[in-house]
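As structure tokens, the structure follows; a few thoughts come after it.
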Amino acid sequence: MINRYSRPEMTKVWSQKEKYRIWFEIEAYACEAMEQIGLIPKGTTSDVLKASGIDYDIDEIDNIEKVTKHDVIAFLTYLSKFIGESSRFVHQGLTSSDILDTCLNVQLVNASNLLEKGLHDLLTALRERAFEHKDTVCIGRSHGIFAEPTTFGLKLAQAYAEMQRNLQRLQYAKVEISTGALSGAVGTFANIDPKVETLVCKKLNLRPETISTQVIPRDRHAMFFSVLAIIASSIERIATEIRHLSRSEVLEAEENFSAGQKGSSAMPHKRNPVLTENLTGLARLVRMAVIPALENISLWHERDISHSSVERNIGPDATITLDFAITRLTKVINELRVYPENMKKNMNQSKGLYNSQQLLLMLTQKGVSREDAYSVVQKIAMSVWNSKDLDFIKEAQKDDFIKSYVDDNELLEISKLEYHTKFVDTLFNRVFGTK
């Protein structure tokens, strides 16, 4: 992923040096385990650990790989010069995928930890802003059209609940991917004791893969990247909401516009929602990982290499992009400008039409059939819709049919905003719990 959409903390997880550090860690732990159970001579691990903490020469390893055409062999060849004679015991009974797959899962777990922290920060921001605007009334929209009143706090509470589910999904996905395999060329442990796998995985905070071929089954990875895509789509949903609310004719909320910021090279007046538009695009990039991850499930026999080129790209790109997107959305939420007066103005533009359902229900409760009630209320609503200055409640008060069932006081009662917001506290308690 390009630096523009990367944070150094996540980029480090996928650096070449970090990868080699994990490869060495796996090989060293394997030697330690084999020494413990008597498969290699005493003192081997001490020799191997001479290479611990070395500053890997990436160029030298790359040059070796140009000859070997094999990345793991190139690494082992490079490592041998630091270890000496005992290097013959390194990688004993293992295959490259034991190192590559176990390392990949360590990296995905480390990436998940950063994503988890990011989601916690985002949840904190959403919670704070939700309580700030718990009672900030605004018009709700369905199909982009005025529907009934809600509060801006409820919009943010909905986003909080969604991200809470995403956090739980990510935690489950991390468990799903937290496996390692050191089972040999076709997963039979023919040349290595299963105890080695168990001991190494324990050191790495992984679980031994239940049963592997030459590789860890890729259904685990497909599930992991699918969860990342769901999180990205949730980010896009929130970003899209903010973009709609920031339109000139709506302007109920907008991204912070800092001093010196420019919106357009041509039009000095522009304040464009560039951050949330950017988040919409980044979500597309994260979702791009899902189809290749699903296609990686179907490998030939005990393994082929078709998954490798895919994972070298989607592993870093999806996690780095999502990490950046989570951090960016958190900043947007923290700095979001909210305009209650514009919310009130927009709601007034509906001319009271948002009370149509209350009137419909009141008529049915008074004995009118739903069909007749709907017809009468819709007729009034459409006349108000097509007018410039009519008001729904006032027009209902003039209607002889409605007056025969509902008096003016009842109509005024259902027109109060409190009718729509009476269960806001109940919903907040559901989402955030009681204090």
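Since every read-out is calculated from the coordinates, none of them should be taken as a lab result. Since we're looking at a predicted model, the values are computed, not measured. Neighbour counts run over all protein chains shown; Cβ positions are idealised from the backbone, glycine included.
For ALA147, what residues show an amide H to amide H distance below 5 Å, using hydrogens built from the backbone and excluding near sequence neighbours?
Under 5 Å from the amide H of ALA147: GLY140, ARG141, SER142.
Output the Kirkwood hydrodynamic radius of segment 116-262, Cα pairs only, in Å rounded to one decimal.
Numbers: mean 1/r = 0.0529 Å⁻¹.
It is 18.9 Å.
Would you list which aspartates and glutamates come within 20 Å of LYS42, measuring only between C-alpha atoms, while excluding same-chain residues fewer than 8 positions from it?
Partners within reach: GLU25, GLU27, GLU32, GLU85, ASP193, GLU197.
For segment 96-344, what does the relative contact order come out to in percent, with C-alpha contacts under 8 Å and a separation of six or more?
The normalised contact order for segment 96-344 reaches 24 percent.
How far is the Cα center of segment 1-54 from the Cα center of segment 221-293, in Å?
The distance from the Cα centre of segment 1-54 to that of segment 221-293 comes to 38 Å.
When the convex hull of the Cα atoms of segment 353-414 is projected onto a plane and the area is averaged over all directions, what value comes out in nm²?
Details: hull surface 14.7 nm².
In nm², the orientation-averaged hull projection of segment 353-414 is 3.7.
Residue-wise, which Karplus ³J(HN,Hα) couplings in Hz belong to segment 55-70, taking 6.51 cos²θ - 1.76 cosθ + 1.60, θ = phi - 60°, and x for glycine or proline?
Running phi through 6.51 cos²θ - 1.76 cosθ + 1.60 with θ = phi - 60° gives 8, 5, 8, 4, 4, 5, 5, 4, 5, 5, 5, 4, 8, 6, 6, 8 Hz.
Enter the Cα centre distance for the pair segment 147-179 and segment 326-376, rounded to the nearest angstrom.
If you average the Cα positions of each part, the centres end up 24 Å apart.
Under a 5 Å amide H to amide H cut-off, with H placed in plane at 1.01 Å, what residues pair with GLY180 once short-range neighbours are removed?
ARG207, GLU209
Mind scanning LYS270/LYS351; LYS366/LYS398; LYS344/LYS366; LYS117/LYS344; LYS345/LYS403 and naming the pairs with a C-alpha gap bigger than 26 Å? Don't skip to the answer; put the middle values down first.
Values: LYS270/LYS351 30 Å; LYS366/LYS398 18 Å; LYS344/LYS366 32 Å; LYS117/LYS344 36 Å; LYS345/LYS403 29 Å.
Cα-Cα > 26 Å for LYS270/LYS351; LYS344/LYS366; LYS117/LYS344; LYS345/LYS403; rest within.
Placing +1 at every Lys and Arg Cβ and -1 at every Asp and Glu Cβ, with all other atoms neutral, what dipole size does the chain have around its Cα centre, in debye to the nearest 20? Can you show the working numbers first?
Details: 54 positive and 57 negative charges, 146 e Å.
Dipole about the Cα centre, nearest 20: 700 debye.
Rounded to a whole number, what is D in µm²/s for the chain from Stokes-Einstein with the Kirkwood radius over alpha-carbon pairs (4 °C, 1.567 mPa s)? Display every interim value, and only then the final one.
Details: Rh = 26.0 Å.
Here the translational diffusion coefficient equals 50 µm²/s.
Tabulate in residue order the Karplus-calculated ³J(HN,Hα) for segment 197-203, using 6.51 cos²θ - 1.76 cosθ + 1.60 with θ = phi - 60°, rounded to whole Hz; enter x for Gly and Pro.
4, 4, 5, 5, 4, 4, 5
Hey, what did the chain get for relative contact order, percent, Cα under 8 Å, at least 6 apart?
Working: 565 pairs, mean separation 75.0, N = 435.
Over the chain, the number comes to 17 percent.
Between LEU412 and SER306, what is 0.36 nm times their sequence separation minus the Cα-Cα distance? Round to one decimal in nm. Intermediate results must be reported in sequence, preceding the final value.
Working: separation 106, 0.36 × 106 = 38.16 nm, distance 6.85 nm.
Length gained, LEU412 through SER306: 31.3 nm.
Only loop residues by DSSP count here, and only those with at most 14 other Cβ atoms within 10 Å; note down the trypsin sites (Lys or Arg not before Pro) in segment 55-122 that meet that.
Numbers: sites: LYS66, LYS69, LYS81, ARG88, LYS117; in loops: LYS69.
Filter output for segment 55-122: LYS69.
Which is the longest run of the chain containing none of the GluC sites (Glu not before Pro) found in DSSP loop states (not H, G, I, E, B) with at most 15 other C-beta atoms within 10 Å?
Details: sites that count: GLU249, GLU302.
Between the exposed loop sites, the longest stretch runs 1-248.
Under the classification rounded if a/c is under 1.5, otherwise prolate if a/b is larger than b/c and oblate if not, where does segment 173-219 fall, given a ≥ b ≥ c as square roots of the Cα gyration tensor eigenvalues? Please list the in-between numbers first.
Numbers: a/c = 3.13, a/b = 1.26, b/c = 2.49.
Because a/c hits 1.5 or more and a/b fails to exceed b/c, segment 173-219 counts as oblate.
Got a sec to turn the phi values of segment 413-424 into Karplus ³J(HN,Hα) couplings, 6.51 cos²θ - 1.76 cosθ + 1.60 with θ = phi - 60°, whole Hz, x for Gly and Pro?
5, 6, 7, 6, 5, 4, 4, 8, 10, 5, 10, 4
Tell me which lysines have Cα within less than 22 Å of LYS17's Cα, excluding those fewer than 8 residues away on the same chain?
LYS17 reaches LYS50, LYS66, LYS69, LYS81, LYS203.
Enumerate the amide H contacts of ILE40 below 5 Å, restricted to partners 5 or more residues apart or on another chain; note that Pro and chain-start residues carry no placed amide H.
GLU35
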